[in-house]
1. Looking at Phe76, Phe18 in this structure, which one is loosely packed, with under 10 Cβ neighbours inside 10 Å and either modelled with pLDDT under 90 or in contact with a Cys (Cβ under 9 Å, 6 or more places away or on another chain) (or both)?
2. Which of the residues belonging to segment 94-111 are among the β-branched types (Val, Ile, Thr) and surrounded by 15 or more Cβ atoms within 10 Å (Cβ to Cβ)?
3. Looking only at segment 117-131, decide whether some residue is surrounded by 11 or more Cβ atoms within 10 Å (Cβ to Cβ) and under 27 Å from the mean Cα position of the chain (by Cα).
4. Taking segment 15-49, which residues are among the small types (Gly, Ala, Ser) and without any contact (Cβ under 8 Å) to a residue 12 or more places away in the chain?
5. Go through the residues of segment 74-90 one by one and say whether even a single one is assigned to a strand (DSSP E or B) and either closer than 30 Å to Asn126 by Cα or under 23 Å from the mean Cα position of the chain (by Cα) (or both).
6. If you scan segment 35-46, which residues turn out to be in a strand (DSSP E or B) and within 16 Å of Ile4 (Cα to Cα)?
7. In the set Asp7, Asp64, which member is of a type in the set (Asp, Glu) and part of a strand (DSSP E or B)?
8. Can you confirm whether Lys17 is farther than 19 Å from Glu57 by Cα and of a type in the set (Lys, Arg)?
Amino acid sequence: MKAIITDVKFQKEGQNKFGTYYSFKVSYDGKTAFYNSKSKEQKNFIAGQEAEFTEEERTYTKNDGTIGKFNIIKPFNANRQSNFGKALKKEQSRYSGFAVSYAKDLVVAGRLQFEELLPYATVLFNAMVDLDKTIDS
């Protein structure tokens, strides 16, 4: 969503599993949300400027046991790479080790000559990648 940011106020500094964070209260379109930044001089939400972001509703339990709600916002970033793409590349990088290992087994078994190891490993690697592509489609 896009909105004009009307006000940004620093709330607190805290620690979580990712390190130090800085919490800000951001106002826009008559709404209020919270934004956690890694730096105190955050540049994503500036009063008077338009910002593009995603909005999420979160809940918490109050001291009296009732459920409260608040919004958090995160800046929109079109350049983020999904974990799926990273995992696929990591999996395909393992294929080179598997291919050489399988070709080595054929050399040890006497089915291939040592000089044929690298060309045959390349054939096996390409076959594994091609098989992966058939799974995706």
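1. Phe18
2. Val100, Val107
3. Yes, segment 117-131 contains a residue that is surrounded by 11 or more Cβ atoms within 10 Å (Cβ to Cβ) and under 27 Å from the mean Cα position of the chain (by Cα).
4. Gly30, the sole residue that qualifies.
5. yes
6. Listed by number, the list holds a single entry, Tyr35.
7. Matching residue, one of Asp7, Asp64: Asp7.
8. Here the answer is yes, as Lys17 does meet what is asked.
The values are calculated or read from the model by the stated rules, or taken from the named source; none is laboratory data. What you see is a predicted model; the values in this text were computed from it and never measured. Backbone-built Cβ (ideal geometry, glycine too); neighbour counts: all protein chains shown.
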